[in-house]
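Okay, so here's the structure we're looking at.
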Amino acid sequence: MEVTLRIRRYNPELDRKPYWAEYTLMDVEPSERVLDLLHRVKWQVDGTLALRRSCGHGICGSDAMRINGVNMLACKAVVKNLIKGEKGRIQVEPILGLRVIKDLIVDMEPFMAHYRSVRPYLVNDEPPPERERLQSPQERSRYEEGTKCILCAACTTSCPSFWANGTYVGPAAIVQAHRFIFDSRDRATAERLAILAEGNGVWRCRTIFNCTSACPRGIPVTRLIAEVKQAIGGR
Amino acid sequence: MPIHRFDALIVGAGGAGLMAALYASRSVKTAVISKLYPTRSHTGAAQGGIGAALGNEEEDHWEWHAFDTVKGSDYLADQDAVELMCREAIDAVIELEHMGLPFDRTPDGKIAQRRFGGHTNNLTGKPVRRACHAADRTGHMILQTLYQQCIKNNVTFFDEFHVVDLILNNGRVAGVVAVEIGTGEVHVFHAKAVLFATGGWGKVWEITSNAFTLTGDGNAVLLRRGIPQEDLEFYQFHPTGIYRLGILITEGVRGEGGVLLNGLGERFMERYAPHIKDLASRDVVSRAIYLEIREGRGVNGKRYVHLDVTPETVNRYLAEAGEARRIDRAYIESKLPDILDFCRTYLGIDPASEPIPVQPTAHYAMGGIPTNVNAEVVIDEQGTVLPGLYAAGECACVSVHGANRLGTNSLVDLVVFGKRGGIAMAEYCQGADFVPLPPQPAAEAEAEIERLRRARGHWRVAQLRAEMQQLMFDHVGVFRTEDGLQQAIEGLRELKERYRTDLHVDDAGYVFNQDLLEAWELGGLLDIAEATALSALARRESRGAHSREDYPQRNDEEFLKHTLITRLPDGSHQIGYKPVVITKYQPKERVY
């Protein structure tokens, strides 16, 4: 296949503003991933191209990007799902709503700060038993979905409410809170619900479902947010 | 140049680094330096489970775990360290649960356990349920849980800082030099103690399950500083990587009943390991796959075999084995969701209805920075400690894995020895003073960085790296010969020469200059590759993951000992050996 890769580029040391650059790649296999194509550019054409990536198979959460206008992980975006036929274009740009540092790299710190704000850790000050705390398979499955989160930010940076107001904690932080709110071993539900009931919490969610579509881990993000809203309503 | 001062520095933020950080930060001023955001670390890619003889599903004992580990190691592991690890594994898993780790549960609410390669009931020889798991993303859960605890405990992180040198002054640790990736600025970290937890170096090989970022940075730094590396020739090839991509397919697939089939549809492991078949240890299974392929029994004449976990196949073999258990699609979906997702995404196949094409993939370093059980780095045959220097996790070699690691033991290793390292370095810091920084502590690293920034020769990093990976996969892979190893060593030296004199880097900037940092990483990979090939050449026997076709037998008389390879200032290498610690498991033939 012949693929034209259109990449949003910006080097703060050289460029006054971002621009689009195009790279035509020949002999692309349909099973290649956008990450492979970006590597081809970086390794064979222009070594200055900057992007984060690590595991290369969708588990570390480094390479969330906006690909053909939709947030996904570059290492899970397979060419044949983006292009029908022998020739086509793929557009790649940084995720939205976070400051671009260089090319496809954004400043993740505001995202991580929102994550930290919801107390994303087990709180239970009761003396632990000698062995494991017991938890039934049903209790365990109650918070299963949220444990899949890899903090890639695909959900939060696809959310129009977050684009409009970066102080909104965003879907990822709410998913992380949900994971503990519904864990039978945790004791900080009231505090987390109080944090999320504030102005920058769950009520900024307008149930747009972009987050659910964007999640590369298949987490039903919008539903989990709704469950947190219900828990707040039921306090 | 910014100079930071901490009592304890931890380099790397995977499971070992975070565990060390949690313990060190309780009593001394601690910082973690990582080239990645911590949750990007490769501990997160571990799938199947963490081994501990909890006995939740059936009878089990840590002594059985210890014996299996020693046997799996082909008797090269230090048995005192193995016994300690397997005993402490139980408390370590319980501690993770108390931290909030979402393990799968048994019907009565305990931590669920599954079968894994090489883990057995020592009385019957049958596979035992020892791998504590959280679906097929146990490593992800460990990494997330430890990072959560670090947030809770306000651990200080320097994210996206790449450590490029260890600062020594008169043979004592004074700190590290690191590049802030976002700005290109060089920082000096002055410290009393440094613990390396930088993970593995799978990127030495062409087909690997490892992340792009697993480039052995800590090992390369120490090798260049004259600190020996232990047992580098023992590198594990995991039997089941996705064909051509190398992405890991957990041994848990076979633990749940999946079987390996060759091109004729034969369950060939019955011939290589009559007792536990597909659940033999990884070196045995990887060799079997290679031999099947070499003898023309790959699938469709290609270089792969099938891993079949479809309910029809699994249930047929369960019935044949006289087991009552049966599985269905829903069971596979609940126990192996990520595996199903990988196969759907990358292969376009559904493993619940068709087999997965797999080939061995470079996976894990048994060798590394020599340490004792307190994660203190030991620098010679006598076990002399370098004061203030520690290492834990995959980059270290205690040695608990010997010549071949059992599945689930990497996670045990990083939790147990990460914790022990954190405690030991905190104690050390409380009784030690800062060693003064030498004059211009970053000068050497800066000079090399500036050379790379201005390198405008012919050869791109990616080209040299690909040649190295091919060379290592062909000649320093599952099977090795003297000729092949010699070819690899000559090839690597020629690559190093091109790297030194004719390298090309495009990016002359400072902000996120990944072009330069990839060049830096390649320098380390080449050094590790050469030391690996030299260690492999010197070991004229076959043991565990080191299979010499010209010396097919294990030779305890000459080689029941650990290799220590040291790089001398002129770039040549010196190889020495140190004895294996044997407590109660006398070496015997290894049959599965």
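A short reminder: the numbers here are calculations on the coordinates, not readings from a lab. What you are looking at is a predicted structure, and each value in this text was computed from that prediction instead of being measured. No Cβ is skipped: glycine too gets one built from the backbone with ideal geometry, and neighbour counts run over all protein chains shown.
Diffusion of the stretch B:384-514 by Stokes-Einstein, at 10 °C in a medium of 1.306 mPa s and with Rh set to the Kirkwood radius over alpha-carbon pairs, works out to 83 µm²/s. Secondary structure note: in the protein assembly as shown, about 65% of the DSSP beta bridges are antiparallel. Secondary-structure-derived ellipticity at 222 nm for chain A, considering helices only, amounts to -7500 deg cm²/dmol, per-run term -39500 (n - 2.57) for DSSP H runs with n ≥ 4. Angle of helix B:443-453 to the longest C-alpha principal axis of chain B, folded into 0 to 90 degrees and rounded to 10: 70°. Note: relative contact order over chain B, using C-alpha pairs below 8 Å and six or more positions apart, is 22 percent. Relative contact order for the stretch A:1-74: what is it in percent, counting Cα pairs under 8 Å that are at least 6 residues apart? Worked out over the stretch A:1-74, it gives 21 percent. Between B:Ala45, B:Val221, B:Val194, whose Cα lies farthest towards the positive end of the dipole of chain B when Lys and Arg beta carbons carry +1 and Asp and Glu beta carbons carry -1, centred on the Cα centre? It is B:Ala45, whose Cα lies furthest towards the positive end. From the P(r) of the stretch B:515-559, could you give the percentage of C-alpha pairs in the tail past 17 Å? So the portion of pairs separated by more than 17 Å is 46 percent. Extending 7 Å from the Cα toward the beta-carbon at both B:Val591 and B:Gln486 defines two label points whose distance is 3.8 nm. Shielding by partners for peptide A:127-140, expressed as the average number of C-beta atoms from other protein chains within 10 Å of each residue's C-beta, is 6. Taking one quarter of the surface of the C-alpha convex hull of chain B gives a mean projected area of 24.8 nm². Spacing of the modelled spin labels on B:Asp474 and A:Ser31, each 7 Å from Cα toward Cβ, amounts to 2.3 nm.
Each of A:Gln138, A:Gly97, A:Asn81 was placed along the dipole of the stretch A:32-176 (beta-carbon charges, centred on the mean Cα), and the one lying farthest toward the positive end is A:Asn81.
Close amide H contacts of B:Gly175 (hydrogens built in the peptide plane, cut-off under 5 Å, sequence separation of 5 or more or a different chain): B:Ile167, B:Ala191.
The mean number of Cβ atoms from other chains found within 10 Å of a Cβ in peptide B:88-100 is 3, as a whole number. Averaged over the residues of A:172-178, the number of partner chain Cβ atoms lying within 10 Å of the residue Cβ comes to 0. At q = 0.05, 0.06 Å⁻¹, what is the log10 ratio I(q)/I(0) for the protein assembly as shown, with the Debye formula run over Cα points and no solvent? So the normalised log intensities are -0.24, -0.35. Go ahead and run the numbers for FRET between B:Ile349 and B:Gln463, Cβ-Cβ distance against an R0 of 30 Å, rounding to 0.05. Plugging the Cβ-Cβ distance into 1/(1 + (r/R0)^6) gives 0.35. Each residue of the stretch B:6-19 is assigned a 3J(HN,Hα), and the resulting list reads 9, 5, 10, 10, 10, 9, x, 10, x, x, 5, x, 5, 5 Hz, derived from the Karplus form 6.51 cos²θ - 1.76 cosθ + 1.60 (θ = phi - 60°), x at Gly and Pro. In units of the rule-of-thumb radius 2.2 N^0.38 Å, the stretch B:183-285 shows an alpha carbon radius of gyration of 1.50.
Three principal axis extents of the stretch B:176-236 based on alpha-carbon atoms, in descending order, are 35, 28, 16 Å. Working ranking of peptides B:506-519, B:575-588 by packing, defined as the average number of other Cβ atoms within 10 Å per residue, highest first, is B:506-519, B:575-588. Can you pull the percent of Cα pairs in the stretch B:1-110 with separation above 24 Å? Value for the stretch B:1-110 (Cα pairs over 24 Å): 43 percent. Once each part is reduced to its C-alpha centroid, what is the distance from the stretch B:560-592 to the stretch B:417-457 in angstrom? Distance between centres, Cα-based: 27 Å.
Taking the Cα centre of chain B as origin and assigning +1 to Lys and Arg Cβ atoms and -1 to Asp and Glu Cβ atoms, the resulting dipole is close to 380 debye.
Computed from label points 7 Å out along Cα-Cβ, the spacing between B:Tyr577 and A:Lys84 is 6.6 nm. Helix B:311-320: angle to the longest alpha-carbon principal axis of chain B, degrees 0 to 90, nearest 10? Between the helix axis and the principal axis of chain B, the angle is about 60 degrees. Hydrodynamic radius of chain A by the Kirkwood approach over all distinct alpha-carbon pairs: 19.2 Å.
Across the stretch A:56-73, computed HN-Hα scalar couplings (Karplus, 6.51 cos²θ - 1.76 cosθ + 1.60, θ = phi - 60°) run x, 9, x, 10, 8, x, 7, 10, 5, 9, 9, 10, 6, x, 10, 6, 7, 7 Hz from first to last residue, x flagging Gly and Pro. Note on chain A: with charges restricted to the Cβ of Lys and Arg (+1) and Asp and Glu (-1), its dipole about the Cα centre is near 440 debye. Based on the Stokes-Einstein relation at 25 °C and a viscosity of 0.890 mPa s, and on the Kirkwood radius from alpha carbon pairs, the stretch B:79-187 is assigned a translational diffusion coefficient of 138 µm²/s. Residue order for B:Ile349, A:Ile101, A:Ile95, fewest other beta carbons within 10 angstrom first, comes to B:Ile349, A:Ile101, A:Ile95. Only Cα pairs under 8 Å and at least 6 apart count here; give the relative contact order of the stretch A:83-170 as a rounded whole percent. Relative contact order here is 31 percent.
Quick note on the stretch B:405-448: its Rg to Rh ratio, both from C-alpha atoms and Rh being the Kirkwood radius, is 1.25. Here the Karplus curve 6.51 cos²θ - 1.76 cosθ + 1.60, taken at θ = phi - 60°, turns the phi angles of the stretch B:256-273 into couplings of 8, x, x, 10, 9, 10, 8, x, 8, x, 7, 7, 5, 5, 4, 7, 8, 9 Hz, with x standing for Gly and Pro. Kindly state, to the nearest 0.05, the FRET efficiency for B:Glu494 paired with A:Val123, given R0 = 56 Å and r defined as their beta-carbon distance. Result of the calculation: an efficiency of 0.45.
Could you line up B:Trp201, A:Trp43, B:Trp520 from fewest to most neighbouring Cβ atoms inside 10 Å?
Listing B:Trp201, A:Trp43, B:Trp520 from fewest to most nearby Cβ atoms yields A:Trp43, B:Trp520, B:Trp201.
List, in the order given, every pair from B:Lys277/B:Lys419; B:Lys35/B:Lys152; A:Lys42/A:Lys148; B:Lys302/B:Lys588; B:Lys29/B:Lys203 whose Cα-Cα distance in the structure shown is over 32 Å. Violating the 32 Å limit, Cα to Cα: B:Lys277/B:Lys419; B:Lys302/B:Lys588; B:Lys29/B:Lys203.
Counting only DSSP beta bridges whose two residues both lie in chain B, roughly 65 percent are antiparallel. The trypsin sites (Lys or Arg not before Pro) found in the stretch B:255-349 that occupy coil by DSSP, while having at most 12 further C-beta atoms within 10 Å, are B:Arg325, B:Arg326. Counting every pair of alpha carbons in the stretch A:190-235, the share spaced more than 13 Å apart comes to 55 percent.
Once amide H atoms are placed 1.01 Å from N in the peptide plane, what residues at a sequence separation of 5 or more from B:Gln236, or on another chain, have their amide H within under 5 Å of its amide H? When sequence neighbours closer than 5 places are left aside, the close amide H contacts are B:His363, B:Tyr364, B:Ala365, B:Met366.
In the stretch A:1-132, the DSSP beta bridges split such that about 75 percent are antiparallel, to the nearest 5.
Distant-in-sequence amide contacts of A:Gln91, defined by a placed amide H-H separation under 5 Å and a gap of 5 or more residues or a different chain, comprise A:Arg6, A:Asn68.
What is the angle, in °, between the Cα long axis of helix B:409-431 and the longest principal axis of the Cα atoms in chain B? Nearest 10 is fine, range 0 to 90. With both axes taken from Cα atoms, the answer is about 30 degrees.
In this calculation the C-beta distance from A:Asn165 to B:Arg451 is compared with R0 = 41 Å, giving a FRET efficiency of 0.30. Computed over Cα pairs, the Kirkwood radius of the stretch B:463-592 leads via Stokes-Einstein (1.567 mPa s, 4 °C) to a diffusion coefficient of 77 µm² per second. Relative protection proxy for B:214-223, B:106-115, from highest mean packing down: B:214-223, B:106-115 (other beta-carbon atoms within 10 angstrom).
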